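Remarks on the structure that follows.
The values are calculated or read from the model by the stated rules, or taken from the named source; none is laboratory data. Remember, it's a predicted structure, so these values are computed and weren't measured experimentally. Virtual Cβ from ideal backbone geometry, glycine too; neighbours counted across all protein chains shown.
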Amino acid sequence: MELIHITKESGIPLIGCIAFGIIDRGTDLLQVRPVSGCNLKCRFCSVSANNPDIHPTCFSVDVSYLLEEIEKVVRFKETSRAERSEVESSSEQTECEINIDSVGEVTTYPHLIELVKGLKAIKGVKRVSMQTNGVLLEGDKVYALQKAGMNQINLSISSLNQFQAVDLSGIPHYSLEHILQLAKIISDSSIELLIAPVWIPKINDAEMPRLIQLAKQLNAKIGIQKYEIYRYSRKVKGAKQVNFWKFYQQLKALEKEYGMKLVMTAADFSIHKAKRLPSMFEKGDKAQVLVKCPGWIKGQMIGVAKERCISINNCKTAIGKRARVKILESKNNIYVAAMVK
Ligand code: SF4
């Protein structure tokens, strides 16, 4: 697997590629992706992380560059709020939450503590949270994260059965005991704990009540996620994807039975709408890009234009050359394109 280190000098923007950088979905929560690699091979992984046949490239972003670009986006959101409050005569001061997540595992990023410290030093960042599978986290790292200012850890645990947990992780040395000890350490710290299972119908149905009980015992929140199948997902044999209506009915039934809030909305996470970064390309647009490096998905290259990354499918253009592309997907400033012949 090729590791690409993204620095300011590389000229690769941190907006536009789903695998690294900053994702703005038009709210005051920014997703920050410092790294794309993963240490597990979960059988339900929606992106097939850690599969070099699909993802031959792994990205890691220079921490100073990442912090500098995040600060620009936070300032942009702040400016947009100032403009809005002038119009609305409102003095409301909303600040951003940064959620450190990944198409892989954020604890594989060697500068995680420095990143958290740097984020908390940015004026206008009110909260920092992160997703993790927990395998690489030890107690001392949790204390270091707490000291750096981490507010919440969303810990993936999808089964309390050791045999099933190992099976789902795709890694024989996965230790449920370690993850449960870690959950206790986090819950005893000042960092909020959210247990984040994926509910895989017909596979771990019986685990959901047990995980709810665990969250109760640890005084933690729980955010049960729906099993989704995408183009590049690993599909769990025998599992069936349910629709959102059925999923929420099931959550409501468990809510009633266990007296714990399970149906979460943006309001529960205090997420508010905030002005979006301007979209530079719409679906169907054509653009001239400078090819910078291989992309996250096999066959892709990353091209750059208008301060955005564009992932170009089936691209054979050499690095440093220009290519003409047609935008196939444009959502939340994430772009995928095809070559124009
Ligand atoms: S930890 Fe997350 S990204 Fe890694 S394989 Fe599992 S589901 Fe995929």
query = Which condition does ALA82 not pass, out of (1) within 14 Å of the ligand (Cβ to nearest atom); (2) at pLDDT below 95, if it passes all the others?
reply = (1)
Residues within the stretch 36-77 that are away from the ligand (no atom under 11 Å from the Cβ), under 15 Å from PHE20 (Cβ atoms) and among the β-branched types (Val, Ile, Thr), tallied = 5
